[in-house]
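The values are calculated or read from the model by the stated rules, or taken from the named source; none is laboratory data. What you see is a predicted model; the values in this text were computed from it and never measured. Cβ coordinates were reconstructed from backbone atoms using ideal geometry, including for glycine residues, and neighbour counts include every protein chain displayed.
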């Protein structure tokens, strides 16, 4: 199944040469699960011609705020709504989670409670999955079309499901402990309170549920593909 990665941000210059960029992280995370990938740098206005150009879409994280005035924001929101209307599956991670919620009528804000950084426990339908967080912005009001499927005391709308069409999560399953340490060292100091960063560093050795979340993302895409194939088969019968 061909997944278009809609890149909305870049890893820090100081880390990219050694650790890679955001599309690299997702291709590694989802490797071996029946998916192939095509990249679009939408923050540089490199958009697909149509929502049908790939069989599914994945929107990455970003330093930008969904509510900020950047040239790519409105076209991306329009693309999201078109994909939803066309029943082309979309996954959103962090900024992707937020921009989808905003495009669908929710609210994204810089959270007054501050930052969430490092390993954080999320309850997905009774399954605890520990993933790295790196955000202050969050979805403070979910869209009517979305069902909340994970939350924390800090982040109420930590994961949302829009029937079988869109699946979004606030944390970063693609971020390893080494990359979060790099973010702390190269981007975090002076931006995030030191106490928050120090607490995150102390937790970076905790096991992460990256594989479990990768399985969920892949299953979301592949189940949608299977549903479409079954529908086409019924039409031919």
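Computed quantities for the displayed model
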{"quantity": "Residue match in the range 125-135 (condition: more than 29 Å from residue 32 (Cα to Cα), modelled with pLDDT under 95 and not in a helix (DSSP H, G or I))", "calculated": "no"}
{"quantity": "Failed item in (1) closer than 19 Å to residue 148 by Cα; (2) in contact with a strand residue (DSSP E or B) (Cβ under 6 Å, 6 or more places away or on another chain), with residue 95 passing the rest", "calculated": "(2)"}
{"quantity": "Failed item in (1) crowded, with 24+ Cβ neighbours inside 10 Å; (2) out of contact with any helix residue (DSSP H, G or I) (no Cβ under 7 Å at 6 or more places or on another chain), with residue 90 passing the rest", "calculated": "(2)"}
{"quantity": "Conditions (1) modelled with pLDDT under 95; (2) touching a helix residue (DSSP H, G or I) at 6+ places or on another chain (Cβ under 9 Å); (3) surrounded by 15 or more Cβ atoms within 10 Å (Cβ to Cβ); (4) more than 20 Å from residue 174 (Cα to Cα): number failed by residue 114", "calculated": "(3)"}
{"quantity": "Hits in the range 200-224 (condition: at pLDDT below 95, exposed (fewer than 15 other Cβ atoms within 10 Å of the Cβ) and part of a helix (DSSP H, G or I))", "calculated": "223"}
{"quantity": "Residue among 164, 185, 153 that alone is surrounded by 12 or more Cβ atoms within 10 Å (Cβ to Cβ), on the phi < 0 side of the Ramachandran plot, modelled with pLDDT under 95 and outside any helix (DSSP H, G or I)", "calculated": "164"}
{"quantity": "Residues satisfying the stated conditions in the range 108-124, i.e. in a strand (DSSP E or B) and closer than 11 Å to residue 155 by Cβ", "calculated": "116, 120, 122"}
{"quantity": "Scope the range 63-105; condition over 22 Å from residue 36 (Cα atoms), under 14 Å from the mean Cα position of the chain (by Cα), modelled with pLDDT of 95 or more and part of a loop (DSSP other than H, G, I, E, B); matching residues", "calculated": "64, 65, 66"}
{"quantity": "Answer residue from the range 1-56, given it is more than 17 Å from the chain's Cα centre (by Cα) and part of a helix (DSSP H, G or I) and is surrounded by the most Cβ atoms within 10 Å (Cβ to Cβ) among those", "calculated": "15"}
{"quantity": "Any hit, the range 190-198, residues being under 27 Å from residue 77 (Cβ atoms) and over 20 Å from the mean Cα position of the chain (by Cα)", "calculated": "yes"}
{"quantity": "Residue 119 free of Cβ contacts under 8 Å to residues at least 40 places away in the same chain and touching a helix residue (DSSP H, G or I) at 6+ places or on another chain (Cβ under 9 Å)", "calculated": "no"}
{"quantity": "Counted residues, the range 181-212 - those being within 12 Å of residue 116 (Cα to Cα), in contact (Cβ under 8 Å) with a residue 60 or more places away in the chain and out of contact with any helix residue (DSSP H, G or I) (no Cβ under 7 Å at 6 or more places or on another chain)", "calculated": "4"}
